[in-house]
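**Q** Before I ask anything, let me first share the structure, which is written out below as structure tokens.
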Amino acid sequence: MSLSHTAAEYMLSDALLPDPGGSRAKGLRLGLPSDRLLKFVTVGLPLFLVSLAFAREFSAGSQISCFSPTNFTGKQSAYVDTACWDSLVHHGFDAEGQAITKSLWALKVFPYSLLVVAVLMYMPYLLWRYAAAPALHSDLLFIIDELDKSYNRSVRLVQHMRKVQQASAEPEQFWEEYERARRERYFEFPLLERYLTCKQHAHSLAFIYILRNLLLLLFLAATCLYLVFLHLNIFFQDEFSCSIKTGLLQAEPHIPPLIPCKLVFFSVFQLISVSVGGVYVLLLPVVIYNALQLCQWDKGLLSVYEMLPAFDLLSRKMLTCPVNDLNVILLFLRANISELTSFSRLNAVSALREATANKQDIDTVVDFMTLLAGLETTKPK
């Protein structure tokens, strides 16, 4: 055997992908990088700020400071602070001098409302986890396994073609058989292509993906509107007039009708609300971008695999409307590209193919490997 044939034999044997050492199921990521970022920020930020607010409340003690009359004892002043904090109602007068009241209870429940916001932000991810992730997980496992197997089948096919070509006494007959086999699609991978075509006509994953992003967009917008409402109605009033002349104290003449009070925690709540609202407004374009990813195909991954013999999902114009399960699977295949071992090798072959002078002579990976094996890529004259 010549040196070139020996080198080709070693090259082809080394081109085969080894069997994965561990289970791929544990390494699959069922969330896009942008989704993980959104989950971390939308859920983690309000929880973090609420924990700081509660820590300050426990460390600072009373959240309100009322200016009681000078003749009040210490216990009476403490009672005034407690009563005004429990009621949290502002008593004032309008332009006509009529008495009006304004409830400030939204300030008291503001930390708990942020807890509700965090729970709401987590609900779209729970929907994806239990409604779509199991089906997506099985689809990714099957497609990744089949793509790697298709690559190995192509390499073994080249190895067999080398042996047949070397043993053939009539090279012209060998190339005629090869061309006929390619025309009649003997090298195709029907199971994988038909599975991908089936996923192209399914829409359950796409529906849940769009629904998750729409829910997240709705919750972000609702939270921003809630914070704007608080700022316009409450968060510019850190002082209010409190009345404690109720119940048994209603007939006491030495108690003034109104006692001025100041909210100690007011600046902290303002800072928290501005931080949450500002970050959520910045995240709105990210959510919209995630939803719009389904409006176009990710053709880069499948175009690399079109170098495999008869794998022409793109060239046969089978990709129509991009809003379907196949496009969702392609997005998550891109996120799990490290699990797809054959992609890096085919991508390298594709780069070499682009740099080749006679591009028309290299149509598939079979042609490329046949060229490296020392065979002719065109039928001999």
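Only the coordinates and a few stated rules stand behind these numbers; no lab work does. Predicted model, so just to flag it, every value in this text is computed and none were measured. FYI the Cβ positions are ideal-geometry reconstructions off the backbone, even for glycines, and counts take in every protein chain you see.
**Q** In whole Å, what is the distance between the alpha-carbon centres of the range 114-141 and the range 337-351?
**A** Computed from Cα coordinates, the inter-centre distance equals 30 Å.
**Q** If you don't mind, there's one more thing I want to ask. Let me check I've understood the local charge: for residue 343, count other residues with C-beta under 11 angstrom from its C-beta, Lys and Arg +1, Asp and Glu -1. What total comes out?
**A** Net local charge, residue 343 excluded: 0.
**Q** Cβ neighbours within 10 Å, averaged per peptide: list 141-148, 224-231 in order, most packed at the top.
**A** 141-148, 224-231
**Q** Rg/Rh for the range 73-127: what does it come to with C-alpha atoms and Rh from Kirkwood?
**A** We get a ratio of 1.26 for the range 73-127.
**Q** What is the P(r) of the range 73-171, as percent of Cα-Cα pairs per 5 Å bin from 0?
**A** 2, 9, 7, 7, 8, 7, 6, 6, 5, 5, 5, 5, 4, 4, 4, 3, 3, 3, 2, 2, 2, 1, 0, 0
**Q** Add +1 for every Lys or Arg and -1 for every Asp or Glu among the other residues with Cβ under 10 Å from the Cβ of residue 195, and state the total.
**A** So the surrounding residues net to -1.
**Q** Shifting gears a bit: Once amide H atoms are built 1.01 Å from N in the peptide plane, which residues 5 or more positions from residue 66, or in another chain, come under 5 Å H to H?
**A** Residues meeting the criterion, in which the H sits 1.01 Å from N, are 262.
**Q** Something else now. Could you sort 64-73, 327-336, 117-126 so that the peptide with the highest average Cβ count within 10 Å comes first and the rest follow in order?
**A** 327-336, 117-126, 64-73
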